[in-house]
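Q: Before I ask anything, let me first share the structure, which is written out below as structure tokens.
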Amino acid sequence: MARVYNFSAGPAVLPEEVLKEAAAEMMDYQGCGMSVMEMSHRSKVYDKIIKDAEADLRDLLNIPDNYKVLFVQGGASLIFASVPMNLMKNKKAGYIITGQWAKKAYQEAKIYGEAVELASSADETFSYIPDCSDLDIADDLDYVYICENNTIYGTKFAELPNTKGKILVSDVSSCFLSEPIDVTKYGMLYAGVQKNVGPSGVQVIIIREDLITDDVLPCTPTMMKFKTHSDNDSLYNTPPCYGIYICGKVFKWLKNMGGLEAMKKYNEEKAAILYDFLDQSELFKGTVRKEDRSLMNVPFITGDADLDAKFVKEAKEAGLENLKGHRSVGGMRASIYNAMPKEGVEALVAFMKKFEEENK
Ligand SMILES: *Cc1c(COP(=O)(O)O)cnc(C)c1O
């Protein structure tokens with residue numbers, strides 16, 4: 001068995017301990033004679049799996065009692081629609097456009113009401129986070145929406161926007177559980193777990209209870225009403241059972257690692273290894289304004305598309321996989337999520353040094 005260092009942006013690297021545990025439990029989950037994939041979501045055994053997952057997540061993020069945790073399907077992209085359907089009471093919301101995912105959410109919201117662009121960094125290929133300390137926020141906005149960590153461009157909000165009292169809705173897909181956050185600053189946050197937490201197919205929504213109502217846009221499908229999932233503890237219909245089980249294992253792994261404070265420290269150490277190298281390299285260059293750099297996704301370029309392609313190819317041969325940048329940015333991108341060990345980042349930087357020597 002040869003594992004590579006996998007720098008994929010998502011689906012992405014998962015902790016080896018979790019994969020091994022899942023493998024060991026594949027044929028017979030804790031003596032019940034079947035795989036988690038094969039059991040009823042209404043069974044006692046599964047009920048414990050989903051309840052434990054929620055409890056561990058609440059522990060990790062210190063989620064207050066007046067926030068609900070929902071496990072839903074459909075991809076983060078479906079939540080782009082659920083947000084306006086459930087939260088646009090005045091049919092008007094503000095969007096901060098910091099990349100493709102924010103833009104897609106904004107465009108989706110326009111189907112259901114008036115989506116207002118509050119700020120954007122499109123003018124410089126989303127390489128920075130706009131100043132959001134004093135935005136022009138109309139009184140009748142239902143919420144302010146952000147994509148907190150921009151997976152494609154490698155930027156992250158170092159500070160949350162000043163929403164002037166409006167509800168903040170945040171897509172945290174690619175920074176979920178990478179560091180502690182104050183949940184009370186959000187009306188709702190959500191993540192597709194395939195970036196930093198689990199396999200694709202599960203979205204975690206954390207939402208303040210008073211925002212879950214029957215007052216949704218007409219024609220909102222039952223499955224897209226937050227209330228449906230909230231009223232049924234995420235078991236209205238068959239949930240993505242196996243994915244939730246893996247997420248639960250990752251939550252336990254994070255607790256064993258020391259929780260999110262420890263994870264943040266580890267992630268900062270890992271990112272510093274790569275950014276420090278980029279800052280002194282004569283060949284490679286980071287593409288993001290320093291103060292807006294993500295700890296999770298690190299895009300970089302040589303400035304020469306052929307050389308970039310050569311780098312990606314040779315890196316792959318050296319066991320460093322999925323370093324090609326997103327098709328809209330080019331160059332390279334190293335996603336160094338929670339489960340990427342420090343040794344992986346060190347191996348990447350050692351390879352970059354060698355490549356720089358050979359190609360300068
Ligand atoms: C990947 C990603 C999405 C889209 O996720 P899907 O589950 O594929 O719909 C949305 N937002 C962010 C920040 C992402 O990284």
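Just so you know, all these numbers are worked out from the coordinates, no wet-lab data involved. What you see is a predicted model; the values in this text were computed from it and never measured. Here the Cβ positions follow ideal geometry from the backbone for every residue, glycine too, while neighbour counts run over all protein chains shown.
Q: Among DSSP bridges having both ends in the chain, what percentage is antiparallel? Round to the nearest 5.
A: Within the chain, antiparallel bridges account for around 55 percent of the total.
Q: For region 1-129, with the dipole built from +1 on Lys and Arg beta-carbon atoms and -1 on Asp and Glu ones, taken about the Cα centre, which of Ser43, Cys32, Ile111 lies farthest toward the positive end?
A: Ile111
Q: With only Lys, Arg, Asp and Glu charged, each at its Cβ (+1 for the first two, -1 for the last two), find how big the charge dipole of the chain is about the Cα centre; round to the nearest 20 debye.
A: Using only the charged Cβ atoms, the result is roughly 600 debye.
Q: A further question on this structure: Please state the equivalent ellipsoid semi-axes for region 167-319: what are the square roots of 5 times the Cα gyration tensor eigenvalues, largest first, in whole Å?
A: Taking √(5λ) for each eigenvalue gives 37, 18, 17 Å, largest first.
Q: Considering the options Tyr128, Ser170, Ile181, tell which one lies farthest towards the positive end of the dipole of the chain, charges being +1 on Lys and Arg and -1 on Asp and Glu at the Cβ, about the Cα centre.
A: Farthest towards the positive pole: Ser170.
Q: Sticking with this structure for a sec: Return the subset of Lys156/Lys270; Lys48/Lys156; Lys255/Lys324 for which the Cα-Cα distance in this structure is over 25 Å, preserving the input order.
A: The pairs that break the limit, which is 25 Å between Cα atoms, are Lys48/Lys156; Lys255/Lys324.
Q: Sort 213-225, 175-187 for me by packing, meaning the mean count of neighbouring Cβ atoms within 10 Å per residue, highest on top.
A: So the peptides 213-225, 175-187, ranked by packing, come out 175-187, 213-225.
Q: With an 8 Å Cα cut-off and a minimum separation of 6 or more residues, compute the relative contact order for the chain in percent.
A: 23
Q: Relative contact order of region 46-184, please, whole-number percent, based on alpha carbon pairs below 8 angstrom and at least 6 residues apart.
A: This gives 24 percent for region 46-184.
Q: Calculate I(q)/I(0) for region 26-115 by the Debye formula, one identical point scatterer on each C-alpha and no solvent, and give its log10 at q = 0.16, 0.22, 0.24 Å⁻¹ to two decimals.
A: -0.84, -1.04, -1.12
Q: If R0 is 25 Å, what FRET efficiency do you get for Glu117 and Ala309 from their C-beta distance, rounded to 0.05?
A: Efficiency for this residue pair is about 0.10.
Q: Can you compute the helix-only [θ] at 222 nm over the chain? Use -39500 (n - 2.57) per DSSP H run of at least 4 residues, normalise by all residues, nearest 500 deg cm²/dmol.
A: It lands at -11500 deg cm²/dmol.
Q: Measure out, as a whole number of angstrom, how far apart the alpha-carbon centroids of region 3-49 and region 83-98 sit.
A: Between the Cα centres of region 3-49 and region 83-98 lies a distance of 36 Å.
Q: Using amide H atoms built 1.01 Å from N in the peptide plane, name the residues 5+ places from Lys92, or on other chains, whose amide H lies under 5 Å from its own.
A: Glu114, Asp142
Q: Cut-off under 23 Å on the C-alpha distance; same-chain residues fewer than 8 positions from Lys44 excluded. Which lysines are left, in chain and number order?
A: Cα-Cα hits under 23 Å: Lys68, Lys249, Lys252.
Q: Restricting the calculation to Cα positions, tell me the Rg (one decimal) and the Dmax (whole number) of region 157-197 in Å.
A: Rg and Dmax of region 157-197, Cα atoms, are 10.6, 32 Å.
Q: Which cross-chain or sequence-distant (5 or more) residues have an amide H under 5 Å from the amide H of Ala334, H modelled 1.01 Å from N in plane?
A: Result for Ala334 returns Val298, Phe300.
Q: How many angstrom lie between the C-alpha centres of region 101-172 and region 281-339?
A: Here the two parts' Cα centres lie 25 Å apart.
Q: Which of Asp304, Asp65 has the fewest other C-beta atoms within 10 Å, and how do the rest follow up to the most?
A: Fewest-to-most Cβ neighbours within 10 Å comes out as Asp65, Asp304.
Q: If you don't mind, there's one more thing I want to ask. Connecting C-alpha atoms closer than 10 Å in a GNM of the chain, tell me which of Leu168, Leu254, Leu135 has the biggest fluctuation.
A: Largest GNM mean-square fluctuation: Leu135.
Q: Related question: Pop out the Kirkwood hydrodynamic radius of region 1-45 from its pairwise C-alpha distances, inverse of mean 1/r, in Å to one decimal.
A: Final number for the Kirkwood radius of region 1-45 is 12.6 Å.
Q: Where does each of 108-116, 83-91, 18-26 land if you order them by average Cβ count within 10 Å, highest first?
A: 83-91, 108-116, 18-26
Q: Does a label point 7 Å from the Cα of Glu269, set along Cα-to-beta-carbon, have any residues of region 146-179 with amide nitrogen under 17 Å, and which are they?
A: Flagged as within label range: 178-179.
Q: Still on this structure, I have one more. Treat each spin label as a single point 7 Å out from the Cα along the C-beta direction, and report the Thr184 to Asp59 distance in nm.
A: In this crude label model, Thr184 to Asp59 measures out at 2.3 nm.
Q: Indicate the gyration tensor shape class of the chain (rounded, prolate or oblate), computed on the Cα atoms with a ≥ b ≥ c the square roots of the eigenvalues: a/c under 1.5 is rounded; otherwise a/b larger than b/c is prolate and the rest oblate.
A: oblate
Q: What does the charge add up to near Arg58, with Lys and Arg as +1, Asp and Glu as -1, over the other residues with Cβ less than 11 Å from its Cβ?
A: Charge balance near Arg58 sits at -3.
Q: Spin-label point model (7 Å from Cα, Cβ direction): what's the Asp140 to Val45 distance in nm?
A: In this crude label model, Asp140 to Val45 measures out at 5.5 nm.
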